[in-house]
Amino acid sequence: MDKDYIEMDMLRFTTAGSVDDGKSTLIGRLFHDTKSIFEDQLEAIEQSSKKRGDENINLALLTDGLRAEREQGITIDVAYRYFATPKRKFIIADTPGHIQYTRNMVTGASTANLALILVDARNGVVEQTRRHSFIADLLGIKHIAVCINKMDLVGYEEEVYEKVLRQFSDFASRLENISEVTFIPLSALKGDNIVERSENMPWYKGAPLLYHLENVYIGSDANHVDSRFPVQWVIRPHSDKHHDFRGFAGRVAGGVFKRGDEITALPSGFTSRISKIMLGEEEMEEAFFPQSVTIQLEDKIDISRGDMLVKPNNQPKSSQDLDARICWFSNSKKLTHGGKYLIKHTTKTAQAMISEITYKVDVNSLRKNEQDKEFNMNDIGRIKFRTSEPIFYDTYRRNRNTGSFILIDPFTHQTLAAGMLR
Amino acid sequence: MRNYNLNHLQQLEAEAIFVLRETAAQFERPGLLFSGGKDSIIMAYLASKAFAPAKIPFPFVHVDTGHNFPETIEFRDKFVKEYGVDLVVGLVQDSIDRGTAAEETGLNASRNALQSVTLLETIDRENFDACLGGGRRDEEKARAKERFFSHRDSFGQWNPKNQRPEIWNLFNGGKGQGENFRIFPLSNWTEMDVWQYAKTEGIELPSLYFAHERNVIERNGMLLAITDFVSPHEKEEVRKEKVRFRTIGDATCTGAVISDAANLEEVVAEVSASRVTERGSRADDKRSEAAMEDRKKQGYF
Ligand SMILES: Nc1nc2c(ncn2[C@@H]2O[C@H](COP(=O)(O)OP(=O)(O)O)[C@@H](O)[C@H]2O)c(=O)[nH]1
Ligand SMILES: [Mg+2]
């Protein structure tokens, strides 16, 4: 048991689907069938189900946590859920399906390795399916599992599965980042193809959902090529014992750093060598994404939060004029041409002024709209902007960590938008 | 090419350290809520890793109900000394004496809910603009929606319907006058992760977490330890059991579980086989279905 546990890795996935496609039931089912529901939780759900007059115990109540959600029977915010099998620990971002909550799906997708997209077998691919797939792709998710749910309601017919597969493949060709789409016919309610292969669908030759989640290979998704170390905090102990100690604390955002490596500090451009890499008191030979470490250099050079350590022969782009796709989050503030915001990119905060609103994307048709440029909450599109100082970045496609940013309202401090650099 | 993989504990550790450093960088005066329970001990341990060889750059804050197991306070003081940090204590008794909090009465009276009042008063008095808490999203369903950086309005309240979206790891700690943040570096940890990590890293935990003999009574389906604050009512039978605690909170409402697990190894084995959540042993969450949500809205941890 113990050894297994130490060899477990982690998969983060997000769930998407229209209201009532069965997301909550599916998550409840995964928990139930992997024995991740505890007795007191089950008991509490049973009681709530009875109170609501539900016929069966309602597994959806496990994820629908807040009072308002239980009363209205809907999911209104991102809920994070955890379960583990001997192979993997799973972090689920359960996001709501309503149009007005697109920003929550963006939030859930931003850190996910995989998107689980539910389709009601009776309805096939609908507008929401396209929207969710588009968002998953936009946020750089490489793996999609299309779960064709409620197969029990369509007689477990292979035809239905084939139809969804055709419908989905039709528009999936327009998605840019996704490298793998898997289709799984299932019934969340009855448990078909969740943990065990379903006897009701002998025509399905693929693996059940849990097997897929346990085995999908994500090892090559992160960027281990372009070394990037945004400095978060400078450690200076001011003690007699560590009088001259200067350590640069941060989290590797890409690539690998080894002891002895030559580095360039940006924006100063000074170079030095790594003398030590530490995690706490422990010294290590190398550090890679997503490790949090402290780096010491051979030379005393002036480096502070917001600076970035890179390799001299592999530097990020540097510019004050940036081009990005964004998702607008605010319901009170509108994006305006000439508008001034704060930008947070890696550990750096600067000012940004919008120089062009290029287009909005109709997430249903995936068409660009260059006429309507009014961004309201949940709108997605493309902008250009200028920053008060150079930003060191990679395209979002190349590196999620150095290609992402948020825009913040300088007055209310609200997070206004999420952006992906091109 | 070499396989650059971290196991899940290493990933959680890296994430927590990142959050702790962001807190130090983005706030003027953060405090670390330290109850002497395992989650806050793990958080403090991670903080020492995050800033080594420098000292942890924030004081520890203990909101003290006065209903402590003596072992907790002993451990707290030893720990604080070892790490060389300042300790700020907020006493619930002071809030009661000031009249800002009223003692509950009745059979199940507890000071648990009063902690919110004292916490907010302590934040005010000490001018904290952020408090690091050991809360985990797997603890309770209202917590499952909590952010790493959780914004609180100037009344210290949490508004679950209007939380800031939290995208990637770009935490926005911006705030207006009088507002502050609760920050939860262990958000993505489960109870099992905490125990496993303690074991892997050899982290010392209070003796209450390991099986020992103790006089207990059964009340509301829970085993409560007989202490200065819990005495048997009529008809309640005191018996001696070998128990341990899965969480350590206010002695009046923290239930013990019958156990033989005497060390981390055995605890890990026991937790992995357990069929009840650790919150299942806390009376404060059993009061109503939305008990935790209500307390959090009012400023609870
Ligand atoms: N027959 C059938 N009903 C299902 C299935 N999955 C979910 N449902 C039902 O569909 C309804 C909506 O499910 P829910 O999980 O709340 O959907 P959500 O809005 O996507 O979270 C509930 O009444 C479920 O019991 C399924 O596989 N088969
Ligand atoms: Mg739901």
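The values are calculated or read from the model by the stated rules, or taken from the named source; none is laboratory data. Worth saying up front: this structure is predicted, and the values here are computed from it rather than measured. Cβ coordinates were reconstructed from backbone atoms using ideal geometry, including for glycine residues, and neighbour counts include every protein chain displayed. The area values use the complete protein model at the heavy-atom level, side chains included, leaving out ligands, DNA and RNA. Shrake-Rupley method; radii C 1.70, N 1.55, O 1.52, S 1.80 Å.
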* Structure fact -> For A:HIS224, B:HIS233, the accessible-area ranking with a 1.4 Å probe, largest leading, is B:HIS233, A:HIS224
* To do: Compute the acute angle (0 to 90°) between the alpha-carbon long axis of helix A:158-172 and the principal axis of greatest extent of the alpha-carbon atoms of chain A; round to the nearest 10°.
  => 30
* Ordered by residue, what ³J(HN,Hα) values in Hz, to whole numbers, does segment A:190-195 give under the Karplus form 6.51 cos²θ - 1.76 cosθ + 1.60, where θ = phi - 60° and Gly and Pro are x? -> 8, x, 6, 6, 8, 9
* **Residues of segment A:384-422 with amide N under 14 Å of the 7 Å Cα→Cβ point at A:LYS340** => A:386-389, A:409-412
* Structure fact -> Listed by chain and number, the residues whose amide H is under 5 Å from that of B:VAL61, excluding neighbours fewer than 5 places away on the same chain and using placed H, are B:LEU32, B:LEU33, B:PHE34, B:VAL88
* Asked: Among the lysines, which fall within straight-line cross-link reach of A:LYS150, defined as a Cα-Cα distance under 24 Å, with same-chain neighbours fewer than 8 residues apart omitted?
  -> A:LYS23, A:LYS35, A:LYS50, A:LYS163, A:LYS190, A:LYS205
* Just grab the label-to-label distance for A:THR271 and A:GLU158, each label 7 Å out from Cα along the Cβ direction, in nm (one decimal). => 6.3
* Structure fact -> With Cα coordinates, the longest principal axis of chain A makes an angle with the long axis of helix A:127-138, in degrees rounded to 10, of 20
* Percent RCO, i.e. relative contact order, over chain A, from Cα pairs under 8 Å lying at least 6 residues apart -> 12
* Structure fact -> Cα gyration tensor of the protein assembly as shown diagonalised, 5x eigenvalues square-rooted, in angstrom largest first, produces semi-axes 39, 34, 25
* **Karplus-derived 3J(HN,Hα), 6.51/-1.76/1.60, for each residue of segment A:245-259, Hz, glycine and proline x** => 5, 9, x, 9, 8, x, 10, 4, 9, x, x, 9, 10, 10, 4
* Asked: Could you state the number of Å between the C-alpha centres of segment A:253-328 and segment B:90-141?
  -> 42
* What order do B:GLU126, A:GLU282 take when sorted by accessible area (1.4 Å probe), most exposed first? -> A:GLU282, B:GLU126
* For chain A, what is the accessible area per residue in Å² when the probe is 1.4 Å? -> 42
* To do: For an R0 of 25 angstrom, estimate the FRET efficiency from the Cβ-Cβ distance between B:ASN159 and A:ARG52 and round to the nearest 0.05.
  => 0.45
* Asked: If the cut-off is a Cα-Cα distance under 21 Å, which lysines reach A:LYS333, setting aside same-chain residues fewer than 8 apart in sequence?
  -> A:LYS344, A:LYS360, A:LYS373, A:LYS384, B:LYS161, B:LYS175
* Structure fact -> Note: probe point = Cα of B:THR227 + 7 Å toward Cβ; backbone nitrogen < 13 Å; residues of segment B:245-268 passing the test are B:245-256
* Pop out the carbon and sulfur fraction of the accessible area of segment B:146-277 as a percent, whole number, probe 1.4 Å. => 45
* Asked: When the Kirkwood hydrodynamic radius is evaluated over all pairs of different C-alpha atoms of segment B:81-188, what value in angstrom, to one decimal, is obtained?
  -> 15.7
* **Bridge type composition, the protein assembly as shown - antiparallel percent by DSSP, nearest 5** => 70
* Structure fact -> Dividing the mean separation of Cα pairs under 8 Å (6+ apart) by the residue count of chain B yields a relative contact order in percent of 19
* To do: Could you run the Karplus curve 6.51 cos²θ - 1.76 cosθ + 1.60 with θ = phi - 60° over segment B:88-104 and give me ³J(HN,Hα) per residue in whole Hz, x for Gly and Pro?
  => 10, 10, x, 9, 4, 4, 4, 5, 5, 5, 6, x, 8, 9, 10, 4, 6
* To do: Measure out, as a whole number of angstrom, how far apart the alpha-carbon centroids of segment A:166-236 and segment A:342-393 sit.
  => 29
* So which residues of segment B:53-82 lose at least 20 Å² of accessible area, probe 1.4 Å, when you go from the chain by itself to every protein chain present? -> B:PRO53, B:ALA54
* **Chain pair B, A: total accessible area buried, heavy atoms, 1.4 Å probe, Å²** => 6600
* Asked: With charges set only on the Cβ (+1 for Lys and Arg, -1 for Asp and Glu), what does the dipole of the protein assembly as shown come to about its Cα centre, in debye to the nearest 20?
  -> 2040
* Asked: By Kyte-Doolittle mean hydropathy of at least 0.0 and Cα axial length of at least 24 Å, which whole DSSP H helices of chain B are selected?
  -> B:8-26
* Asked: List for segment A:238-252: residues with 10 Å² or greater reduction in accessible area, all protein chains versus chain alone, probe 1.4 Å?
  -> A:HIS242, A:PHE245, A:ALA249, A:ARG251
* So for segment B:205-285, what are the equivalent ellipsoid semi-axes in whole Å, largest first, each being the square root of 5 times an eigenvalue of the Cα gyration tensor? -> 21, 13, 11
* To do: Summarise the long-distance tail of P(r) for chain A by giving the % of C-alpha pairs beyond 34 Å.
  => 40
* **Residue-normalised accessible area of segment B:5-112, expressed per residue, 1.4 Å probe, Å²** => 36
* Candidates A:GLY260, A:GLY191, A:GLY108, ranked by Gaussian network fluctuation over chain A, Cα under 10 Å, top entry -> A:GLY260
* Under a point spin-label approximation (7 Å from Cα along Cα-to-Cβ), what is the A:LYS258-A:SER169 distance to one decimal in nm? -> 4.4
* Asked: Between B:GLU82 and B:ASN5, what length comes free when the chain is fully extended (0.36 nm per residue of separation minus the Cα-Cα distance, one decimal in nm)?
  -> 24.4 nm
* Asked: Hey, if you put +1 on the Cβ of every Lys and Arg and -1 on every Asp and Glu Cβ in the protein assembly as shown, which of A:ILE408, B:ILE217, A:PHE248 ends up farthest toward the positive end of that dipole?
  -> A:ILE408
* Structure fact -> In segment A:228-310 the accessible area split gives carbon plus sulfur, as whole percent at 1.4 Å, a share of 45
* Under a 10 Å cutoff between Cα atoms, tell me which one of B:LYS175, B:LYS240, B:LYS199 has the largest fluctuation in the Gaussian network model of chain B. => B:LYS240
* segment B:1-42 to segment B:153-216: how many Å between their Cα centroids? -> 10
* Just from the alpha-carbon atoms, what are the Rg and Dmax of chain B in angstroms? -> 19.0, 70
* 16 Å tail of the calculated P(r), segment A:334-386, as % of Cα pairs -> 46
* Structure fact -> The simple spin-label model distance between B:LYS55 and A:TRP203, using points 7 Å out along Cα→Cβ, in nm, is 7.2
* Gain on full stretching of the segment that runs from A:LYS87 to A:THR412 - 0.36 nm per residue minus C-alpha separation -> 112.6 nm
* Carbon plus sulfur fraction of accessible area for segment A:149-188, probe 1.4 Å, in percent -> 43
